[in-house]
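The structure appears below as structure tokens.
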Amino acid sequence: MLEIRSARKVFYKGQADEKVALDGLDLSLATGEFGVVIGSNGAGKSSMLNAISGALVLDTGQIVINGDDVTATPVHKRATRLARVFQDPMRGTAASMTVAENMLLAELRSNKRTLRRGLNATRLSAYKDRLSLLGLGLENRLDTRVELLSGGQRQSLSLIMAVGGSPELLLLDEHTAALDPRTADIVMQATIRAVEALKLTTLMVTHNMQHAVDFGHKVIMLDAGRVRLEIDGKDKAQTTVPDLIGHFSVKTDRMFLAS
Amino acid sequence: MDILQNTIASFVSLVPVTLAQSLILAFVVLGIMIPFRMLSFPDLTSEGAFPLGGCVCGVLMAAGMSPLSAIAIALVAGFIAGCCTAFIHLRFRIHTLLAGILMMTMLYSINLRIMGRSNLSVFGAPTVFDWAPGLQPGFPASKIVVAGLIALVVFFLLYHFFRTEKGTAVRAVGANPDMAEAQGINVWLATIGGVGLAGAFSAAGGALMVQSQGFADVNMGLGILINGLAALMIGEAIVGKQSVLRQLAAPFVGAIVYYQLVSFCLAAGMPPPDLKLATGLFVLAMLALPSLKRSRGPAPARETVRE
């Protein structure tokens with residue numbers, strides 16, 4: 001389904017503050033698989049998601065989605081295949097537009113946009129139904145501008161928008177990190193429900209080790225721009241939070257030794 | 001009392017002429033509003049696209065072309081000018097305002113080249129205003145009817161467009177370009193097309209103006225931008241900008257009210273040279289108002305524009 005082949009990206013190449021973001025990263029995800037990506041800050045998690053979505057152009061390496069090499073495909077064309085929820089609720093929605101208009105934009109992500117009326121009665125009632133699943137009352141605020149919603153409501157809307165068209169690949173970029181614990185829980189539960197119901201191939205970046213243990217089919221730990229550890233299957237079921245944190249500390253100890 | 005009566009008398013006698021003029025200039029205001037509000041792309045091209053439309057139309061009319069095809073070609077010229085500004089910004093990552101200044105400076109020379117001299121009289125050539133049914137050509141009434149009809153058609157076409165699937169996508173590019181791109185919208189295409197459309201409207205305003213006044217002049221765009229901006233601010237203050245309908249109505253309402261205001265100031269004896277200063281101060285006041293209103297409390301999020 002998703003395959004990243006020896007992806008490499010260097011920032012500020014040839015300068016004093018040269019930074020290797022991705023260092024020959026290899027990763028693959030089967031169709032319907034839910035991968036959870038962990039790693040310390042600067043390990044290359046965001047760079048990896050940006051490379052998949054097309055926002056970051058690789059120096060070398062390939063991104064393959066469903067057998068098609070999309071390495072040279074621009075962001076807006078890749079968007080027909082993948083959907084992304086950002087950490088910042090502001091980034092995933094158009095603030096000055098209404099809830100319904102945002103839903104429309106998401107629905108048209110993988111379709112051709114025509115010169116027909118955008119928001120018609122059929123669509124509005126469909127959006128009402130989909131938003132009511134969240135239980136946040138958004139279904140009654142279709143004409144509200146998104147900037148008037150709370151961060152949690154905006155993020156829930158982003159999620160509904162992302163899973164709406166059953167994308168081939170769903171990217172979740174620490175999408176609950178900016179929310180309060182209760183709202184984060186609501187959004188996370190909604191995410192799991194949607195991913196399981198629609199059998200979405202998902203890649204979720206998180207700093208929450210409990211989430212990494214509880215959810216997903218495999219845990220991928222990134223370090224210094226490459227995959228350091230992959231735990232799946234039976235091992236994944238037996239992994240605990242302290243185990244994962246242990247892997248972080250091993251790395252830290254090595255860093256101490258190296259320095 | 002005498003002064004007041006005189007002022008009002010001369011103002012009222014100017015109302016039809018001013019109304020005709022303002023309906024034509026409403027297109028320029030529209031050409032300023034679309035990039036600024038719909039695309040968050042502050043665009044200065046109109047200062048060059050307006051005389052461009054005028055010059056192209058003037059030359060073609062002098063060559064004997066029909067007034068409608070002259071406007072159509074002026075429209076295309078303005079569209080290309082707008083596209084260039086957007087392209088300069090997108091391709092070379094030059095600030096939108098600087099891209100606009102570059103474009104309007106270059107257009108000045110281009111306009112001179114097109115006309116071959118600094119002004120051109122097309123007085124007596126047939127114009128679209130001759131076609132107003134049942135009205136004597138050359139009078140303000142025919143201009144009001146023709147320009148008003150065109151304005152009405154353009155308004156409804158745009159109102160329909162911005163609510164279609166494509167139109168919603170264009171507005172999303174203005175609201176949040178990153179999000180728009182992530183939703184599969186081609187940001188380049190929408191920006192270039194949108195700013196091009198705005199240039200086309202500015203040029204159409206210039207072409208209509210030339211047909212209305214009977215001559216084209218390379219300097220006819222001088223200060224048009226700040227006038228248009230003032231008109232837009234007034235329009236938004238009157239009808240608001242919360243919905244597509246209101247945002248689209250603002251340029252037309254604003255243009256009509258603004259030029260009547262200017263006419264009133266002139267009738268009241270304000271020296272014409274002071275007009276630009278007054279307009280500039282007015283725009284400044286309108287832009288400063290929100291920050292003056294809230295002298296206490298946290299600063300609200302600045303309106304995001306592309307840079």
Under 9 Å between Cβ atoms, at least 6 apart or on separate chains: pull out the pairs that start in the stretch A:74-102 with a residue that is at the interface with chain B (Cβ under 7 Å from one of its Cβ atoms) and within 19 Å of B:Val170 (Cβ to Cβ) and end on any residue that is modelled with pLDDT under 90 and part of a helix (DSSP H, G or I).
A:Ala79/A:Ser110; A:Thr80/A:Ser110
Hey, A:Gln62 more than 14 Å from A:Arg109 (Cα to Cα) and either surrounded by fewer than 16 Cβ atoms within 10 Å (Cβ to Cβ) or at the interface with another protein chain (Cβ under 8 Å from one of its Cβ atoms) (or both) or not:
yes
Which condition number does B:Ala231 fail, the rest of (1) without any contact (Cβ under 8 Å) to a residue 24 or more places away in the chain; (2) part of a helix (DSSP H, G or I) being met?
(1)
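Yes or no, residue by residue, for (1) buried (at least 24 other Cβ atoms within 10 Å of the Cβ); (2) assigned to a strand (DSSP E or B); (3) touching a Gly at 6+ places or on another chain (Cβ under 9 Å):
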site	(1), (2), (3)
B:Ile192	no, no, yes
B:Val195	yes, no, yes
B:Ala207	yes, no, yes
B:Asn219	no, no, no
B:Ile226	no, no, yes
B:Ile238	no, no, yes
B:Ala250	yes, no, yes
B:Val253	no, no, yes
Anything in the stretch A:122-141 that is among the aliphatic types (A, V, I, L, M) and within 14 Å of chain B (Cβ to nearest Cβ)? List them, or say none.
A:Leu124
Scan the stretch B:40-83 residue by residue and report those that are free of Cβ contacts under 8 Å to residues at least 12 places away in the same chain, part of a helix (DSSP H, G or I) and out of contact with any helix residue (DSSP H, G or I) (no Cβ under 8 Å at 6 or more places or on another chain).
B:Ala72
Give the residues of the stretch A:134-174 that are farther than 20 Å from A:Glu107 by Cβ and in contact with a helix residue (DSSP H, G or I) (Cβ under 7 Å, 6 or more places away or on another chain), sorted by residue number.
A:Gly152, A:Asp173
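For every residue, the table says whether it meets (1) crowded, with 18+ Cβ neighbours inside 10 Å; (2) among the small types (Gly, Ala, Ser); (3) within 14 Å of another protein chain (Cβ to nearest Cβ); (4) part of a helix (DSSP H, G or I).
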site: B:Leu152; (1), (2), (3), (4): no, no, no, yes
site: B:Leu158; (1), (2), (3), (4): yes, no, yes, yes
site: B:Gly184; (1), (2), (3), (4): yes, yes, yes, no
site: B:Ala204; (1), (2), (3), (4): yes, yes, no, yes
site: B:Val257; (1), (2), (3), (4): no, no, no, yes
Taking the stretch A:166-193 as the search range and keeping residues that are of a type in the set (Ser, Thr, Tyr) and in a helix (DSSP H, G or I), which one is modelled with the lowest pLDDT?
A:Thr183
Residue check: is B:Thr168 within 14 Å of chain A (Cβ to nearest Cβ), among the polar types (S, T, N, Q) and under 18 Å from B:Gly31 (Cβ atoms)?
no
Could you check the stretch B:19-49 and list, in sequence order, the residues that are among the charged types (D, E, K, R), more than 23 Å from B:Ser212 (Cβ to Cβ) and either at pLDDT 95 or above or crowded, with 24+ Cβ neighbours inside 10 Å (or both)?
B:Asp43
Only one residue in B:Arg171, B:Arg163 is touching a strand residue (DSSP E or B) at 6+ places or on another chain (Cβ under 9 Å), touching a residue at least 12 places away in the same chain (Cβ under 8 Å) and under 30 Å from A:Val163 (Cβ atoms). Which one?
B:Arg163
Would you mind stating whether B:Gly193 is within 14 Å of chain A (Cβ to nearest Cβ) and not β-branched (Val, Ile, Thr)?
yes
Among the residues of the stretch A:103-121 satisfying the criterion of being without any contact (Cβ under 8 Å) to a residue 12 or more places away in the chain and of a type outside the set (S, T, N, Q), which is farthest from the other protein chains (Cβ to nearest Cβ)?
A:Ala121
Candidate set from the stretch A:120-165 (those that are of a type in the set (S, T, N, Q) and not in a helix (DSSP H, G or I)); member that is surrounded by the fewest Cβ atoms within 10 Å (Cβ to Cβ):
A:Asn120
Picking from B:Phe139, B:Phe215, B:Phe162, which residue would you name as being more than 17 Å from the chain's Cα centre (by Cα) and closer than 29 Å to B:Leu277 by Cβ?
B:Phe215
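The values are calculated or read from the model by the stated rules, or taken from the named source; none is laboratory data. These numbers were taken from a predicted model, which means no experiment stands behind them. Glycine also receives a Cβ, built like all others from the backbone with ideal geometry; neighbour counts cover every protein chain displayed.
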